[in-house]
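Notes follow once the structure below has been shown.
The values are calculated or read from the model by the stated rules, or taken from the named source; none is laboratory data. Only a predicted model underlies this, so the values are computations on that prediction, with no experimental measurement involved. Cβ placement follows ideal geometry from the backbone for every residue including glycine, while neighbour counts extend to all protein chains displayed. Please note that ligands, DNA and RNA were not included when accessible areas were found on the heavy atoms of the full protein model with its side chains. Shrake-Rupley method; radii C 1.70, N 1.55, O 1.52, S 1.80 Å.
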Amino acid sequence: ERLAENGSVRSRLSPIMEMGMLFAECVQHNLKCIAFCKTRKLSELVLTYARNILDQMDSDRGKAIAAYRAGYSAEHRRAIEGSLFNGNLIGVAATNALELGIDVGALDVTLHLGFPGTVSSLWQQAG
């Protein structure tokens, strides 16, 4: 259970929904971020939840986020990376396909949905 803003108690949301909410909050505040998820499906769900939240806020920021996973072509993945680092995208919900070979120093936030399996992978993702 968790305490709502008005002091009432409400049931806990799923970690996936909470990740989507955190991701949307980061994007709304113009924080360049990557939301790391363990699976392709989770990255797509987090992206969908975040977009829904941003759309409910009448924000155009839902267009500034994308998913990134190994199932995309190399050309599509490079385009997403380029858009993230040149400022066209604010955030990416990604699998560990994005953890290697990126300069996370240009990021403001990394979010992690679950433990990636090893401490070295966690450090790689967190930068």
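Only protein atoms count toward the accessible area here, which uses a 1.4 Å probe; on the chain, the carbon and sulfur part of that area reaches 51 percent.
Residues whose amide H lies under 5 Å from that of HIS112, counting only those 5 or more places away or on a different chain, are PHE36; hydrogens are built 1.01 Å from N in the peptide plane.
The modelled label-to-label distance between SER120 and ALA106, using points 7 Å beyond Cα along the C-beta direction, is 2.6 nm. Between MET17 and TYR72, full extension at 0.36 nm per residue minus the direct alpha carbon distance yields a gain of 17.4 nm. Net charge dipole, the chain: roughly 340 debye, given to the nearest 20, about the Cα centre with Cβ charges of +1 for Lys and Arg and -1 for Asp and Glu. For the chain, the longest principal axis of the Cα atoms and the long axis of helix 40-56 meet at an angle of about 50 degrees. Calculated from the structure at hand, Cα Rg over 2.2 N^0.38 Å is found among [x] 1.24; [y] 1.06; [z] 0.99 as [y].
Would you mind getting the accessible area per residue of the chain, heavy atoms of the protein chains only, 1.4 Å probe, in Å²? Could you put the intermediate results ahead of the total?
On the way: 7270 Å² over 127 residues.
Here the per-residue accessible area is 57 Å².
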